[in-house]
């Protein structure tokens, strides 16, 4: 009689174990794959934000005029110039008003009640043209006292601050809207947080960024402009005196009707066009870019694979001076993950120091 040998088969338990392990390995691979994609998207968001800011500087440095064939009427008789889109007017650049530069607004006007230094999640920024009077630098300036006020008779312009103030410039928005601002959204649902420290650092009122320059709340008519302890925008202007580019960090709100109020328009210009607000090498406007915070993925909410440290873009005085700061080393800079809109400085490191 022929002997038959039994072939050993997998038991049900062994099959279940194999399937379970295979499924776990597949899930791990998928999580790693998704994490890698999100990490790349975050880096793309940071790099694109940097490139967009550099592009604004380049537009000013190359004297780009995107108004094209738009015709405007420009009235220079008031405390601020007044511009109006009008087919019977002149092309921008051939009128008595000129494009002086750009303003990057890094503030959407949303705040945490009771803490107006805490900006809520910001997903976009806006870029305005800055338009002012084409001044005669030999006679259109006045002296500026230590409080930032004009005094004395008209005379020649002695520096770029005097000359820029004399242009009585306005932003292309609100009551002076011609084309309005350009709205730029961060890629991949990224958000940003303003992390330039401008808090008072001494009993005499000296501030971390603007030094002796006052940052106060201003009321004009029914509108109010709240002073902030951080820098919320960048003015990039061409000097009427020597055509050089000067950049200013600004601490101001242009939301909630401010650009329709002549008093606040003048305050924005006269407070921020100040030598203490000038951006230079070693004195930058710092913006921390955060990853997606839509609350859906497990890796959302500010987690970005760098130990809960988000990258900081430093905005210097020119296109070439806009850079992504390293996370480590003596220049290491970062901010923490989402804190429900908290724009205070407890989770911020700039140049290796906790703010």
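Read-outs throughout are calculated quantities, based only on the coordinates presented, and are distinct from any laboratory measurement. All values reported here derive from a predicted model rather than from experimental measurement. Counting neighbours? That spans all protein chains shown, and the Cβs are built from the backbone with ideal geometry, glycine included.
Here are a few things to note about the model shown:
- Projecting label points 7 angstrom from Cα along Cα→Cβ for residue 283 and residue 77 puts them 3.9 nm apart.
- Note on residue 21 and residue 243: their simple-model spin labels are 7.4 nm apart, each label 7 Å out from Cα toward Cβ.
- FRET efficiency, 1/(1 + (r/R0)^6) with R0 35 Å, evaluated for residue 51 and residue 270 via beta carbons: 0.60
- Intensity falloff of region 121-200 expressed as log10 I(q)/I(0), Debye formula with alpha-carbon point scatterers, at q = 0.15, 0.19, 0.22 Å⁻¹: -0.78, -0.92, -0.98
- The order of 151, 256, going from fewest to most other C-beta atoms within 10 Å of their C-beta, is 151, 256.
- Label positions at residue 189 and residue 40, each projected 7 Å from the Cα along the C-beta direction, are separated by 1.9 nm.
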